[in-house]
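Every number here is computed from the coordinates shown, using simple stated rules; none is lab data. Model, not experiment: these values are computed from the prediction. Cβ sites come from the backbone with ideal geometry, for glycine too, and all protein chains shown count toward neighbours.
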């Protein structure tokens, strides 16, 4: 499945709360979500390789899985 990370999500990766979360971590987490996501939904409890906890807001579109934003803990 193709994972599309929005510019907003990429910008959030520069914030302090998401400091050690990478695009690779996001793509890996998005691939672990099963099924179809018809509406923007928050998925909790992912852990980056650095150990930082984060949540994703994702939605499936025709082009792939759209990652709308990242919420660090």
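Among residues of segment 40-67 that are in contact (Cβ under 8 Å) with a residue 60 or more places away in the chain and on the phi > 0 side of the Ramachandran plot, those with a Cβ under 8 angstrom from a residue that is assigned to a strand (DSSP E or B) and surrounded by 14 or more Cβ atoms within 10 Å (Cβ to Cβ), sequence gap 6+ or separate chain, pair up as 64/3; 64/4.
Tallying residues that are exposed (fewer than 13 other Cβ atoms within 10 Å of the Cβ) and either farther than 19 Å from residue 62 by Cα or in contact with a strand residue (DSSP E or B) (Cβ under 6 Å, 6 or more places away or on another chain) (or both) within segment 25-48 yields 5.
Quick one: would you say residue 68 is surrounded by 16 or more Cβ atoms within 10 Å (Cβ to Cβ), within 13 Å of residue 3 (Cβ to Cβ) and touching a helix residue (DSSP H, G or I) at 6+ places or on another chain (Cβ under 7 Å)? It is true that residue 68 is surrounded by 16 or more Cβ atoms within 10 Å (Cβ to Cβ), within 13 Å of residue 3 (Cβ to Cβ) and touching a helix residue (DSSP H, G or I) at 6+ places or on another chain (Cβ under 7 Å). Of all residues in segment 4-14, those being surrounded by fewer than 17 Cβ atoms within 10 Å (Cβ to Cβ) and touching a strand residue (DSSP E or B) at 6+ places or on another chain (Cβ under 7 Å) number 3. Within segment 4-18, residues that are in contact (Cβ under 8 Å) with a residue 60 or more places away in the chain reach partners that are assigned to a loop (DSSP other than H, G, I, E, B) with beta carbons closer than 7 Å, at six or more positions or on different chains, in the pairs 4/63.
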